[in-house]
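In what follows, a structure is listed as structure tokens, so that the remarks can point back to it.
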Ligand SMILES: Cc1cc2nc3c(=O)[nH]c(=O)nc-3n(C[C@H](O)[C@H](O)[C@H](O)COP(=O)(O)OP(=O)(O)OC[C@H]3O[C@@H](n4cnc5c(N)ncnc54)[C@H](O)[C@@H]3O)c2cc1C
């Protein structure tokens, strides 16, 4: 029997004649469920699932709906988890009692059930938290308790379970993905049946979990490796995860370096990069800031500083500028001064001071990004984890360009962009002789040939306002309008080259925004979340990501193919990203290899015109030909057969676990996405339907910790 007494879930239903629309962040796939449940307690969640099951409705959990795939859609019910966002316990064991969570962040102040058996001196830290919590809130909570997440994806707007359920990952190549840090899953499955699922050998497979507040006597405890490996990445197909026990780590600081580079250079390095031997791009120990890799690659590459010789003679008495070599003492003194000047120019003197005396730290994070409209242009972000005593450096917001500010101020008013866009692209323009149709653009005379002036005036006076108007009429975001205007300018060969260059520079600024600060450092919670919330509501975009064995070369072949496609379909306004993550034990996590290389492609998009239709078709085909495994939470076009080919026996085992955990309603969490992806159950054997306690006791005997 499900435990949902007094727990009728609040729900939203459309008024007759109106729809209930659920939007995703990029407004790629709005959908219209029949009902939206908004449970605020476990009992309400159980009630919602029990109702969907009893009424034979299709249902699916909704996190932040940031997925670009259709994984979270449902024809009937969605269960929005946004109100299930608090901790259930204080972080435990309670060794950091000097900094507990604020009372209102933990239900009832937090239970202490786990404190009695989790070793106090084991050096490990855990949280028991509701699964609808957003990463950005979790990061704040953990920071307040002097703890941190060991790793995460790049954005903090996702819900914890929503991100984990699609295998979301970051770029920490020496830290297992976050699904590997889950220690127990509290799932509400079909019929409202509750499941406490852990590995067979687990600290949390104990009878004492029955003492958890609100524990349902009929909840089943399953300590089983395959069930645990299946439920952690399940795209909502196994039910709604109510809460998780997650292992976290003591607070640490991330030092980040962002460097411009070229595809040619990165490609060569990647071809020879081996993570096991710290070769190629992985070879970058952080020592003190003014020595070793950091000094050579970050500090010494600051433009405009040289040393080594001084002019001969007193100031003004050496017109020929003859130089003589420095004495050793002068050279040492000059080196000290130049080093100090470089640190001052980078504004990292505090960082240098804090890191002095640090033992060398190995690199843990590599994130490569390429500008698809100028494919030679790349950036690389590297991060190192250092002790939490290092002070913050450059964590504040970057200066906004006028167009960016207009987007933030007017996310859904494309007409408001016309002024700033025209201003930006005419700021270097002088009217020389309008009658003779000559203009001066950035100091260069244009006109009199190829109708460039006419084209330019048409663009400024007619096309830009027209596109903005069309986008406004279609209900598009300002980001979509900006994308289409830039796309139209670059697609018009009759416009002056100077305006193309200005547009490409603007795109460089947008695509390279995350890499503008050469160095950043701060508490992991402040560095990990790189999402720019200012632009929410204004965005435009689409993306897909494919995962490959990093020890082979297919990921580079795929990246090369994307570069060619970006050339064939010029102008492609977007980026290509390459990240590496260790393998995952979750059966259908995309990280199937010891080290997985993921290649993500993101482009702008406008709902009024599918300008990249052919680009995306070719790209998805290329990914499939090269056996790229698609991200469950990004756009994928691969068939059930192709996905079965990627996962093989692991998918078969996943389907078997789904069957065992869905006996109370095998279809309730089935949706179009699961059916077209092969995420459907095989035949159940009743493996977990024995008397729960005895099954649990068998496991307990095998479990020593
Ligand atoms: C701006 C942006 C940045 C991104 N950055 C990254 C990145 O750095 N790395 C990366 O790998 N991906 C990234 N993604 C993809 C994104 O993280 C995933 O698609 C993720 O699943 C979205 O989380 P969500 O909370 O919005 O989940 P939703 O989109 O709401 O749901 C995703 C799936 O999880 C299921 N689900 C949700 N909640 C639960 C629950 N409580 N129990 C069981 N199932 C549940 C849903 O039913 C659905 O199947 C990014 C996406 C965007 C839009």
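The numbers here are math on the coordinates, done by the rules we state, and not lab data. Just so we're clear, the structure is a prediction, and the values are computed from it rather than from any experiment. Note that each Cβ is placed from the backbone with ideal geometry, even for glycine, and that neighbours are counted across all protein chains shown.
Of note:
- Degrees between helix 649-661 axis and first principal axis of the chain (Cα, 0 to 90, nearest 10): 50 degrees
- Once the convex hull of all Cα atoms in segment 60-117 is built, its volume per residue stands at 133 Å³.
- Kirkwood Rh, Cα atoms: Rg over Rh of segment 402-513: 0.98
- Over the chain: helical MRE at 222 nm, DSSP H runs n ≥ 4 each giving -39500 (n - 2.57), nearest 500: -8500 deg cm²/dmol
- Compactness of segment 540-638 is given as radius of gyration and Dmax, 13.4, 42 Å, from Cα positions.
- Simple spin-label estimate for residue 676 and residue 334 in nanometres, 7 Å along Cα-Cβ: 6.7 nm
- Cα-based helix-to-principal-axis angle, 478-491 vs the chain, degrees rounded to 10: 50 degrees
- Inter-label distance, nm, simple model (7 Å from Cα along the C-beta direction), residue 466/residue 551: 5.7 nm
- Per-selection metrics, the chain (Cα): Rg and Dmax in Å: 28.2, 98
- Equivalent ellipsoid semi-axes - Cα gyration tensor, segment 62-180, angstrom: 27, 18, 12
- Net lengthening on full extension, residue 398/residue 560 (0.36 nm per residue, minus Cα-Cα): 55.2 nm
- Extension gain, residue 610 to residue 494, is 39.5 nm, computed as 0.36 nm per intervening residue step minus the present C-alpha separation.
- Contour minus Cα-Cα distance for residue 267 and residue 8 (0.36 nm per residue): 87.6 nm
- Take 245-255, 116-126, 462-472 and order them by the average number of nearby Cβ atoms within 10 Å per residue, most first; the result is 245-255, 462-472, 116-126.
- With one equal scatterer per alpha carbon and no solvent term, the Debye-computed log10 I(q)/I(0) for segment 147-257 at 0.20, 0.24 1/Å reads -1.11, -1.43.
- Quarter of the Cα convex hull surface for segment 453-563, i.e. its orientation-mean projected area (nm²): 10.5 nm²
- Spacing of the modelled spin labels on residue 215 and residue 137, each 7 Å from Cα toward Cβ, amounts to 2.6 nm.
- Per-peptide average of other Cβ atoms within 10 Å, ordering 618-628, 536-546, 292-302 highest first: 536-546, 618-628, 292-302
- Take the Cα of residue 568, go 7 Å toward its beta carbon, and the backbone nitrogen atoms of segment 609-631 under 20 Å from that spot belong to 610-629.
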